[in-house]
1. Any chance the stretch 97-104 includes a residue that's modelled with pLDDT under 85 and touching a strand residue (DSSP E or B) at 6+ places or on another chain (Cβ under 7 Å)?
2. Kindly indicate whether any position in the stretch 108-124 is more than 23 Å from the chain's Cα centre (by Cα) and assigned to a strand (DSSP E or B).
3. Does the stretch 39-51 include one or more residues that are more than 18 Å from the chain's Cα centre (by Cα), farther than 29 Å from residue 164 by Cβ, without any contact (Cβ under 8 Å) to a residue 60 or more places away in the chain and assigned to a helix (DSSP H, G or I)?
4. Filter the stretch 253-287 down to residues that are out of contact with any helix residue (DSSP H, G or I) (no Cβ under 8 Å at 6 or more places or on another chain) and closer than 24 Å to residue 179 by Cβ and give me whichever is surrounded by the most Cβ atoms within 10 Å (Cβ to Cβ).
5. Being surrounded by 17 or more Cβ atoms within 10 Å (Cβ to Cβ) and out of contact with any helix residue (DSSP H, G or I) (no Cβ under 7 Å at 6 or more places or on another chain) is the filter here; which residues of the stretch 161-188 pass it?
6. Please specify each residue of the stretch 125-140 satisfying the condition of being closer than 25 Å to residue 77 by Cα and not in a strand (DSSP E or B).
7. Sort out which residues of the stretch 64-75 are at pLDDT 85 or above and within 25 Å of the chain's Cα centre (by Cα), and write them in order of number.
């Protein structure tokens with residue numbers, strides 16, 4: 001199992017509560033996407049079940065007392081059918097009469113119907129059920145759902161992010177990331193995906209600027225070809241404006257708001273990205 005870095009205090013707190021029979025049965029883990037919330041949840045249930053059961057079931061996600069829900073890559077939302085499967089799991093007999101754990105990742109992708117169905121289960125859980133809900137703090141969830149859980153807010157420090165990235169590549173590669181791509185709230189998972197993309201498409205990227213990155217992105221249409229780029233377009237747009245508004249102050253704030261709104265509408269209504277980037281290039285990248 002992957003090493004847990006930066007969340008040891010929360011992990012040890014939860015373990016202590018479990019060992020004293022005080023672990024809340026509805027836990028909400030909140031924080032920036034990609035900082036290790038799912039890893040923390042997995043290590044918690046691994047601790048709970050590995051005391052008595054074989055670790056094999058946990059590692060390959062087939063433990064009979066664990067049910068996981070997350071947004072599938074080819075889906076826009078978590079559909080209510082997944083919540084119905086979860087309810088069936090709740091109503092089944094427990095394996096070895098042990099606690100049953102339900103982990104719901106990507107909480108922000110629940111539909112309204114899915115959220116309402118989940119809320120009912122959370123309000124009136126079956127006996128011996130542990131809910132671990134995982135939410136990216138940039139996205140809102142229903143206050144009625146949040147209020148029923150004990151929330152743990154997670155974050156990582158700079159040195160912890162650097163350590164995670166360097167361990168992943170077995171190299172001191174964090175310092176090689178171009179400065180235009182490093183801001184205080186970038187997650188390790190984003191930086192790891194970024195390095196993999198840069199390694200694949202650039203011989204030398206240490207001095208790459210965000211402006212030249214966008215020129216290449218538009219020229220090569222990476223926003224259509226590369227899944228990592230597609231998934232993080234909003235982050236790259238934010239990095240561009242972070243530099244040109246916060247650092248260099250070259251661009252009026254209203255231009256940033258205009259492109260933020262346009263990108264969100266494109267993602268929401270599945271509109272044409274090519275037009276967005278042609279306009280981005282014309283207004284922001286042309287000298």
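1. no
2. Scanning the stretch 108-124 turns up no residue that is more than 23 Å from the chain's Cα centre (by Cα) and assigned to a strand (DSSP E or B).
3. no
4. Restricting to residues being out of contact with any helix residue (DSSP H, G or I) (no Cβ under 8 Å at 6 or more places or on another chain) and closer than 24 Å to residue 179 by Cβ, the top hit is 286.
5. Those that are surrounded by 17 or more Cβ atoms within 10 Å (Cβ to Cβ) and out of contact with any helix residue (DSSP H, G or I) (no Cβ under 7 Å at 6 or more places or on another chain): 163, 178, 186, 187.
6. Quick first cut of the stretch 125-140, residues closer than 25 Å to residue 77 by Cα only: 125, 129-140.
Selection gives 125, 137, 138, 139, 140.
7. The initial filter retains those residues of the stretch 64-75 that are at pLDDT 85 or above, namely 64-72, 75.
Result: 65, 66, 67, 68, 69, 70, 71, 72, 75.
The values are calculated or read from the model by the stated rules, or taken from the named source; none is laboratory data. In this text the structure is predicted, and so the values were computed from the model without any measurement. Backbone-built Cβ (ideal geometry, glycine too); neighbour counts: all protein chains shown.
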